[in-house]
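Derivation of every value follows stated rules applied to the coordinates shown; laboratory data play no part. Remember, it's a predicted structure, so these values are computed and weren't measured experimentally. Methodologically, a virtual Cβ is constructed for each residue, glycine included, from the backbone with ideal geometry; neighbour enumeration extends over all protein chains shown.
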Amino acid sequence: MPTPSTPFTTLISVEQLQALRASGAPLKVFDCTSELMNPEAADRLYAQVHIAGAMQAHLDRNLSAPSAADAVNGGRHPLPRRELFAEWLRDTGFDNTMQAVVYDRNGASYCGRLWWMLKWAGHEAVAVLDGGLQAWEAAGGAVESGAPAKPEVGHFTLSAEKTTLATTPTVAANLGRPAQTIVDARATPRFRGEMEPLDPVAGHIPGALNRPFGLNLGPDGRFKAPAELKAEFEALLAGRDPATVVHHCGSGVTAVPNLLAMEIAGLGRAALYAGSWSEWCNTPGLPCAQG
């Protein structure tokens, strides 16, 4: 098992999390459950059941900017300034010594957001609970309902970013160049422009490749084996350098499972275009493709 000097940085299994909790190592677990079309459901689902002691990380309140003035990008779920994010982490009792474990009950659709943001804040010791709440409950892991006791304020401090944040200007400037390979995590009908339930324009960024984020999981809800993920991404990239990849989706949330899967596969840590399609299609003068 990883130690504080060699933390969990991609995935953690239920068994590994149980052992970590039993060891008394500095640890903070976050429940990132959400529903994209019904944000209010997150509070209800968290109150019903969550891993014992887990803090709630709400997509809209905690993991997105509260206002345009506090945002570092556009789109439907803009990132908050790093300083605001660090303030929230301190309020949860988090500090730099802790191993963070993030999970949801949505097939890792939302917990990747916090995984990425912690790396962005300079904290490498964060891992996604493989299989989510369902796997934890199936193994008899301790759960609770309601709200946990308010923690003491933590002492988290920001350090150098450990992720690459792509912006609309940089993506636009590199459009069509070999130095950039765009991978779109949305469902294929949305990618093709056959439907668009959330944004004003249907379609995709010209030249983008499509890999729906759900393809990273097996039937058991856990991430596929590294070798399988590597083969799938290499087939998708068709000779393109993995280091050129920029991941995006509709609003920068469900793109992260693709980014995490590439890292699990040993293909490195790719960039994230957090503004994603919701920022791109609302920026005047940028091209949009269909088909």
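By the rule of a C-alpha distance below 17 Å, with chain neighbours fewer than 8 residues away ignored, the aspartates and glutamates paired with residue 224 are 130, 232, 234, 263. Taking the 0 to 90 degree range and rounding to the nearest ten, how far is the long axis of helix 111-120 tilted relative to the main principal axis of the chain, both from C-alpha atoms? Orientation of helix 111-120: about 90 degrees from the principal axis. When DSSP beta bridges are restricted to pairs lying wholly in the range 165-280, around 10% turn out antiparallel.
In order along the range 52-60, the Karplus-derived 3J(HN,Hα) couplings, from 6.51 cos²θ - 1.76 cosθ + 1.60 at θ = phi - 60°, round to 3, x, 5, 8, 7, 10, 7, 4, 7 Hz, and Gly and Pro are given as x.
Going from the fewest other Cβ atoms within 10 Å to the most, the residues 137, 152, 194 appear in the order 152, 194, 137. Of all beta bridges that DSSP places with both ends in the range 11-144, some 20 percent have antiparallel geometry. With N as its number of residues, the range 11-144 has a Cα radius of gyration that, divided by 2.2 N^0.38 Å, comes to 1.01. The residue 150 and residue 19 beta-carbon pair, evaluated with R₀ = 25 Å, returns a calculated FRET efficiency of approximately 0.35. Here the Gaussian network model covers the chain, with springs between Cα atoms less than 10 Å apart; of 34, 145, 13, 145 fluctuates the most. Between 25, 271, 65, the GNM of the chain built on Cα springs shorter than 10 angstrom shows 25 fluctuating the most.
Here the gap between residue 194 and residue 244, fully extended at 0.36 nm per residue and compared with their Cα-Cα distance, gives a gain of 15.2 nm. Applying 0.36 nm per residue to the separation of residue 41 and residue 134 and subtracting their alpha-carbon distance, the gain on full extension is 31.7 nm.
Against the main long axis of the alpha-carbon atoms of the chain, helix 82-91 sits at an angle near 20°. How far, in degrees from 0 to 90, does helix 14-23 lean away from the longest principal axis of the Cα atoms of the chain, to the nearest 10? Rounded to the nearest ten degrees, it is 40. For residue 69 and residue 158, the FRET efficiency from 1/(1 + (r/R0)^6), where r spans their Cβ atoms and R0 equals 22 Å, is about 0.70.
Taking other C-beta atoms within 10 angstrom as a stand-in for reagent exposure, 130, 199 fall in the order 199, 130, fewest first. Across 132, 203, 107, mean-square fluctuation computed from a Gaussian network of the chain (C-alpha pairs under 10 Å connected) peaks at 203. The relative contact order of the range 165-280 comes to 32 percent, based on Cα pairs under 8 Å that sit 6 or more residues apart.
Compared with the rule-of-thumb size 2.2 N^0.38 Å for a compact globular protein, the chain has a Cα radius of gyration ratio of 0.96.
Working note: 222 nm ellipticity from helices only, DSSP H runs with n ≥ 4, each -39,500 (n - 2.57), summed and divided by the residues of the chain, gives -7500 deg cm²/dmol to the nearest 500. Here's the list of lysines a cross-link from residue 119 could span, going by alpha-carbon distance under 19 Å and ignoring same-chain residues fewer than 8 apart: 28, 162.
Scale the Cα Rg of the range 17-96 by the rule-of-thumb value 2.2 N^0.38 Å and send over the ratio, two decimals. The range 17-96 yields a ratio of 1.23. The alpha-carbon of residue 150 sits under 13 angstrom from the alpha-carbons of these aspartates and glutamates, leaving out residues fewer than 8 places away in its chain: 91. The convex hull defined by the C-alpha atoms of the range 165-280 has an orientation-averaged projected area of 6.8 nm². Measuring between their Cα centroids, the range 1-69 and the range 129-177 lie 7 Å from each other.
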